[in-house]
Amino acid sequence: MLSELIKESRALERAISGEDLTYNDGMELMDYDNLFMLGAAADMIRQKLVGNTVTFAASYYMNYTNICAASCQMCAFYRKGGEDDAYTLKPDDISKRAGMAKEMGATEVHIVGGFHPDLPLEYYENMMKIIKKDHPELKIKAFTAAEIFYLSKLTKNSVKEILSRLKESGLDSMPGGGAELFHPEIRKLIVRGKCSGQEWLDTIEQAHNLGIQSNATMLYGHIEKPSHIVDHLIKIRELQKKTHGFITFIPLKFSLDNTELEKEGLVTNECSAIYDLRIIALSRLLLGGYLNNISVYWVAYGKKLAQIALSHGGNDLVGTAFSEEIYRAAGKSTTSSVLELANLPKEINREAAQRDTFFNILRKF
Ligand code: SF4
């Protein structure tokens, strides 16, 4: 029955037999109306490639500054510096936050920030050193390729020099943000003052070549066309064939509130759950065989939709996303967050495991 239905789509047949999907295949699947079949095929491939375990990391999130020289239309985070809520963390704050991360049971700190126009390279190097000095076992996953590219322009150092110095100071991996959508046609409508798609790809390629592995992301659900999604996925796959440096792929659902896209009336609703599921399934089908971890960012989906996404090709839940606010609210007992996350896969008859930054299994539930 399933195989009969799969014959409805040549692209699905090709995906199931393990062939690389082409751009045209991707376009066919973006338009394919049988979401059930798309999800079932992605789920079947997920099971074949990575089995039934759903992983997640215990992560602590730290945004070192919200001051940004860019002003992206899709961003609600940035400040220009004069606002009451503009901030930049000082070395003491960074040290305290690293201590909180450790107390909460995090195994990694996830660090990103705005493009600060005045901070020197030493600020970033010190950040790494401060964290590693007190907590050498904490993995530092920091800086998007877009931040690195900006820092290279700002400090007039090459991307390679910046990455090498940060690695030397303690940088373990990179989080994969700033990719948004690579195609220039859409990129110019959602980011302003950020590197091009090609510059992002070149920067992350240099990181991989230096032994700094990274995640990859894609921002969807705003004003993109199907072709932009397919183009993005294929560019990620082609780079992965070259470097093998991507750890996981995380599709990020666009969050509408307080963005220029919302204020200008260009996006009035967040995308549907149906579209979310199509994106997860398509990510699995297009990247399968090369980038085999597809992460479901449960913070954006909510826990119930995250469970369904795990049945449409996903095999990872990203992480616990602890932060200072959560620490304040939860005191020192955050075990429940880890257990709650572990329950999500178990409720859908999948195994759950806590992993580290590089997908090594730390404990099973
Ligand atoms: S670079 Fe763009 S997305 Fe990143 S903080 Fe600045 S305005 Fe926001």
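The values are calculated or read from the model by the stated rules, or taken from the named source; none is laboratory data. What you are looking at is a predicted structure, and each value in this text was computed from that prediction instead of being measured. Glycine gets a Cβ as well: all are built from the backbone with ideal geometry, and neighbour counts include every protein chain shown. For the accessible areas, the whole protein counts, side chains as well, though only heavy atoms, and no ligand, DNA or RNA atoms are used. Shrake-Rupley method; radii C 1.70, N 1.55, O 1.52, S 1.80 Å.
At q = 0.14 Å⁻¹, what is the base-10 log of I(q)/I(0) for segment 81-224 according to the Debye formula with one equal point scatterer per Cα and no solvent? Please give it to two decimals.
-0.69
Put +1 on the Cβ of each Lys and Arg and -1 on the Cβ of each Asp and Glu in segment 21-364; which of I247, L38, I279 then has its Cα farthest toward the positive end of the dipole?
So the residue furthest toward the plus end is I247.
Using a 1.4 angstrom probe on heavy atoms only, work out the carbon and sulfur share of the accessible area of the chain in %.
Carbon-and-sulfur percentage of accessible area, whole number: 51.
If you project the alpha carbons of the chain onto their three principal axes, what span does each projection cover, largest first, in Å?
Over the chain, Cα extents along the principal axes are 62, 45, 40 Å.
Quote the charge dipole size of segment 59-200 about the Cα centre in Debye, to the nearest 20; the model charges only the Cβ of Lys and Arg (+1) and of Asp and Glu (-1).
Dipole size: approximately 280 debye.
Sequence gap at least 6, Cα distance under 8 Å: using those rules, report the relative contact order of segment 21-364 to the nearest whole percent.
For segment 21-364, the relative contact order is 26 percent.
Roughly how many Å² is the accessible area per residue of the chain, as a whole number, for a 1.4 Å probe?
Roughly 42 Å² per residue, with all protein chains present.
Any idea which of I223, I111, Y301 is furthest toward the positive side of the dipole for segment 21-364, if Lys and Arg beta-carbons carry +1 and Asp and Glu beta-carbons -1?
Working it through, the farthest residue towards the positive pole turns out to be I111.
Given segment 21-364, what percent of its DSSP beta bridges are antiparallel, to the nearest 5?
10
Could you sort R46, R363 by their accessible area in this structure, using a 1.4 Å probe and putting the largest first?
Largest accessible area first, the list is R363, R46.
Compute from the Cα atoms of segment 173-296 the Rg and the Dmax, the latter being the longest Cα-Cα distance, and quote both in angstrom.
When restricted to the Cα atoms of segment 173-296, Rg and Dmax are 14.2, 43 Å.
Please give the peptides 311-320, 78-87, 124-133, 345-354 ranked by average Cβ packing (other Cβ atoms within 10 Å per residue), highest first, as a rough proxy for protection.
311-320, 124-133, 345-354, 78-87
Tell me which lysines have Cα within less than 23 Å of K132's Cα, excluding those fewer than 8 residues away on the same chain?
K90, K96, K102, K141, K160, K167, K332
Equivalent ellipsoid semi-axes for segment 69-159, as square roots of 5 times the alpha carbon gyration tensor eigenvalues: give them largest first, rounded to whole Å.
Largest first, segment 69-159 gives 24, 16, 13 Å.
Can you give the calculated 222 nm mean residue ellipticity of the chain, where each DSSP H run of n ≥ 4 adds -39,500 (n - 2.57) and the sum is split over every residue, rounded to the nearest 500 deg cm²/dmol?
So the calculated ellipticity at 222 nm is -14000 deg cm²/dmol.
Express in % the proportion of alpha carbon pairs of segment 131-174 at distances exceeding 13 Å.
Tail of P(r) above 13 Å: 55 percent of Cα pairs.
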